[in-house]
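The values are calculated or read from the model by the stated rules, or taken from the named source; none is laboratory data. All figures in this text were calculated on a predicted structure; none of them were measured in a lab. Backbone-built Cβ (ideal geometry, glycine too); neighbour counts: all protein chains shown. With ligands, DNA and RNA removed, areas are computed over all heavy atoms of the protein, side chains included. Shrake-Rupley method; radii C 1.70, N 1.55, O 1.52, S 1.80 Å.
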Amino acid sequence: MKKSLFIVAVMTCFGTWHSQAETKVDFAKDIQPILQQNCVKCHGPEKQKGDLRLDSKADAMKGGKDGVVIVAGQADKSDLY
């Protein structure tokens, strides 16, 4: 359920960014606050479900035990999206 809510929140944000083609997505400004609020409790420095950390861009891009969850610029290949 939480994953579904997160996906909806991210999709809403990406939809807004997509409609503003001139606006670049900044991980620290646009994505990290969403992850911090919704995901870091279970995927942060203290606890990493599925070996997935989402508290930094580098860790988020590495993925977890099931592989990469974010593929930059390819939402259709990004499980997290």
| request: Select from segment 32-63 the residues that are open to solvent by less than 30 Å² (accessible area, probe 1.4 Å), out of contact with any strand residue (DSSP E or B) (no Cβ under 9 Å at 6 or more places or on another chain) and aliphatic (A, V, I, L, M) and list them in ascending order. | output: 34, 40
| What number of residues within segment 24-81 are part of a loop (DSSP other than H, G, I, E, B) and at positive phi? | 2
| segment 46-57 residues that are in contact (Cβ under 8 Å) with a residue 12 or more places away in the chain and acidic (Asp, Glu), paired with ones that are open to solvent by 40 Å² or more (accessible area, probe 1.4 Å) and outside any strand (DSSP E or B) (beta carbon under 7 Å, 6 or more apart) | 51/65; 55/45
